[in-house]
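S.K.: One structure, as structure tokens, below. Some questions next.
The values are calculated or read from the model by the stated rules, or taken from the named source; none is laboratory data. Predicted, not measured: the structure shown is a model, and the values here were computed from it. With ideal geometry, Cβ positions are generated from the backbone for all residues, glycine too; neighbour counts draw on all protein chains shown.
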Amino acid sequence: MEQRISPYQCHLFVCAKTRGGEQKSCGDEGTPDLKAAIKSEIKNRGWKGIVRVSDSGCLGVCASGPNIMIYPQQIWFSGVTPGDLPKIIQIVENIVRREA
């Protein structure tokens, strides 16, 4: 096993768990579109390589989803909509500036 330090200043985990409509889940609530929009903004701002966006499995709070976590800053967003993305990007920008 090799242990390394992450090259990213922050890592956004976007819950993509889907339950096929059987009960509420992040993946059934539009998270693929949220993730794509976040990734596009990260790329447009030139943060690729210092900010990572990944799918995550179930975070255990499906009823309050869609959920997005930012690590290692331990920031958690629930009930995320497309209208929330500017606020999330602003928080990421503050992290990137602080770490620069």
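S.K.: So the check is Cβ under 7 Å with 6+ separation or different chains; which pairs have a first residue in segment 72-91 that's of a type in the set (Ser, Thr, Tyr) and a second one that's in a loop (DSSP other than H, G, I, E, B)?
M.R.: Close Cβ pairs satisfying both conditions: Ser78/Val61; Ser78/Gly65; Ser78/Asn67.
S.K.: Let me ask something else. Can you find, within segment 31-47, the residue that is modelled with the lowest pLDDT among those that are in contact with a Pro (Cβ under 9 Å, 6 or more places away or on another chain) and within 18 Å of Trp76 (Cβ to Cβ)?
M.R.: Top of the filtered list is Thr31.
S.K.: Here's a follow-up. Just the residues that are in contact with a Leu (Cβ under 8 Å, 6 or more places away or on another chain) and of a type outside the set (Val, Ile, Thr), please, taken from segment 40-57.
M.R.: Across segment 40-57, the qualifying residues are Glu41, Arg52, Ser54.
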